[in-house]
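Let me begin by presenting the structure, written as structure tokens, before commenting on it.
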Amino acid sequence: MSDPIPESAGPKWWQREVFYEIYPRSFQDSNGDGDGDLPGICQRLDYVQWLGAGAIWLCPFFRSPMADGGYDISDYRDVDPMFGSMGDFSALLDQAHARGLKIVVDLVPNHTSDRHPWFVESRSSRQNPRRDWYVWQDPGPDGGLPANWLSHFGGSAWQKDDATGQYFYHAFLPAQPDLNWRNREVRTAIYNDMRFWLQRGVDGFRVDAVTNLVEDQLLRDDPPNPARGRGKMPDDEIKRVFTKDRPETHEIVREMRDVLDEFSDRVLIGEVHLPLARAMAYYGGKRPSFHLPFNFQLMESLWDCRSISAAIDQYMQLLPEDGWPNWVLGNHDEKRLATRIGEAQTRVAAMLLMTLQGTPFIYNGDELGMQNIRVSRRETRDTRVKNMGSHRYSRDGARTPMRWDSGTGSGFTTGRPWLPLGADTNPDVASQRQDPGSLLNLYRDLIALRQDSPALVAGEFVPLATRGDVLNYERCKSGQRFRIALNLGGKTQRFPFAGESRIVLSTIRDRAGEILSGNGVLRPHEGIVAECGER
């Protein structure tokens, strides 16, 4: 379990701040074309600052044909015209830093677009100097596929190139050929692209799909998955033994960290979708790797007291001694938080996120309680749907534009939005800002409480016994002690509350200052933060 930060050290900014994920195409359109852009994000920096978040994670804005929402990059060192220009990015960075906000950008090192100049050269001939920059293989002994490897987005992960008679490997769409990370020139090129952005002042990277970087050199077939047929993705037919989390991946992440450490006070975050014990290895141990390998425990657990309690305990117990925790409730690839757990529990989830030990991440719109919006087949933009053969795999419903107000275009655009905005009854920023009891203002107050409380930023996490549907824990530091009690159910709950405590904040917003002693009572879907005397 992670120890609290020593008094003398003080938390790093990436331990102290709340991260706010922005999906640029859906945040704010500045020119009326229906697509969010970098100048639009600039227009909304005051909102991020008002909310209290101290760091922004920007999803890809790089030049791209948009085969996979910008995760198919054709130039790592340029801004796609959809989002603006390099000048617009520099302005965003400057304006964010002037407000004390950090900017972390996506690094997508596993694959490029098939229109990237590197791949255009690589596929031009078997003799091209960049041929080995990608994973090319001859047909198998029977003239068919080189191995049984499957794409995460459906079907074989091998695409035949008729001009050269070989197959190239793609862990995602055929338009996203995988780079060959065994090639030292590839590593050098990506590390130099990292330096390009670090020299311009970005505060770090979130590394996409990092566990896919290396594949088995012997081309061994992945074994069948004993749980096949019960998964939710097309590639659940196999266990990714030879195509994911290969040992060489850790060496690459350590090299990325070395690049980052050439610059002061930056952060490296990793998208690590693995069983928990294996994910923890990405902290790196004696030779540091990621500062924060993403923790998806809360997203992947059932939303009930026993499951959430177990998820937190397993994570904290397995955390390396020098590892710093982090918590994620939503992102651009999964169903919206309010859709997954129900609107009634969104306030409890917000309180949980802001009071656990570690760095919290918010996906833009979750602070409003945005739900997945139904996107018709005609309006679908997620191109992986065609490859996966079913509309149910669409991520569009969680990527619809922010609703800033109740006017035409919801304050997002004066044009036609790239994805539907949904019904006018959906929550918007303007109405929630005016309502002291809104979910948005609860998030703001929770963030402010966290930032003002050493115990909540860097204090010890002390789990307490669960009672019925009530999740209990304490946070303690510097003579300050908070008790957090969360009702993850729909019935009134009573639970013991030793000593005398004063409620600082309730999710229902009507109990501030109330004194608790003996038994505590939580109404359905209610959470409280109570300040106690030091033990």
*Where both partners of a DSSP beta bridge lie in the chain, what percent of those bridges are antiparallel, to the nearest 5?*
65 percent
*asked:* Just to be sure I understand the model, the point goes 7 Å from the Cα along the line to the Cβ. What's the resulting Gln95 to Gln480 distance in nm?
replied: 3.2 nm
*Could you tally the net charge around Asp396, taking each other residue with its Cβ under 10 Å from the Cβ of Asp396, Lys/Arg +1 and Asp/Glu -1?*
+2
*For the stretch 299-399, just say rounded, prolate or oblate: build the C-alpha gyration tensor, square-root its eigenvalues into a ≥ b ≥ c, call rounded for a/c under 1.5, and beyond that prolate if a/b exceeds b/c, oblate if not.*
prolate
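Can you tell me the FRET efficiency between Met233 and Ala498 if r is taken as the Cβ-Cβ distance and R0 is 60 Å, rounded to the nearest 0.05?
0.85
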*Provide the FRET efficiency to the nearest 0.05 for the Lys286-Arg220 pair, computing r from the beta carbons and using R0 = 30 Å.*
0.50
_Mean Cβ neighbour count within 10 Å, used as a protection proxy, ranking 211-217, 261-267 highest first_ = 211-217, 261-267
*asked:* Please list, by residue number, everything in the stretch 464-490 whose backbone N is under 14 Å from a paramagnetic label point 7 Å out along Cα→Cβ of Asn519.
replied: 468
_Kirkwood-based shape ratio for the chain, expressed as Rg/Rh from alpha carbons_ = 0.97
*Would you kindly calculate the mean projected area, averaged across all directions, of the convex hull enclosing the Cα atoms of the stretch 117-169, in square nanometres?*
3.9 nm²
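Using a ≥ b ≥ c from the Cα gyration tensor of the stretch 1-117 (square roots of the eigenvalues), is it rounded, prolate or oblate, where a/c under 1.5 gives rounded and otherwise the larger of a/b and b/c decides, a/b for prolate?
Details: a/c = 2.53, a/b = 1.51, b/c = 1.67.
Oblate is the answer for the stretch 1-117, as a/c is 1.5 or above yet b/c matches or exceeds a/b.
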*So what's the net charge close to Asn372: Lys and Arg +1, Asp and Glu -1, counting the other residues with Cβ under 11 Å from its Cβ?*
+4
*What size of dipole, in debye to the nearest 20, comes out for the stretch 117-169 about its Cα centre when the only charges are +1 on Lys and Arg C-beta atoms and -1 on Asp and Glu C-beta atoms?*
140 debye
_Gain upon complete extension [Leu45, Arg182; 0.36 nm per residue less C-alpha separation]_ = 45.3 nm
*Mind checking which aspartates and glutamates have their Cα closer than 19 Å to the Cα of Lys477? Skip sequence neighbours fewer than 8 apart in that chain.*
Asp3, Glu7, Glu17, Glu321, Asp322, Asp452, Glu460, Glu500, Glu531, Glu534
*With the Cα gyration tensor of the stretch 147-255 giving a ≥ b ≥ c as the square roots of its eigenvalues, does the rule (a/c under 1.5 for rounded; else a/b larger than b/c for prolate; else oblate) give rounded, prolate or oblate?*
prolate
*For Arg200 and Arg16, what does the FRET efficiency come to when R0 = 35 Å and r is the distance between their Cβ atoms, rounded to the nearest 0.05?*
0.90
_Among Leu356, Trp303, Pro454, which residue has its Cα furthest toward the positive end of the charge dipole of the chain, with +1 on Lys/Arg Cβ and -1 on Asp/Glu Cβ?_
Trp303
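Using the Cα centre as the reference, give the magnitude of the dipole from point charges on the C-beta atoms of the chain (Lys, Arg: +1; Asp, Glu: -1; all else neutral), rounded to the nearest 20 debye.
That gives a dipole near 920 debye.
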*So what is the 222 nm mean residue ellipticity for the chain from helices alone, if each DSSP H run of at least 4 adds -39500 (n - 2.57) and you divide by all residues, rounding to the nearest 500 deg cm²/dmol?*
-6500 deg cm²/dmol
*When Lys and Arg each count +1 and Asp and Glu each count -1, what net charge do the other residues less than 12 Å away from Ile447, Cβ to Cβ, add up to?*
-1
*Placed amide H near Asp75: partners under 5 Å, 5+ positions off or other chain*: Arg63
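Any read-out appearing in this document is the output of simple, stated calculations on the displayed coordinates, not a laboratory observation. This one's a predicted model, so the numbers in the text were calculated from it and none came from an experiment. Here Cβ is always computed from backbone atoms with ideal geometry, including for glycine, and neighbour counts include all displayed protein chains.
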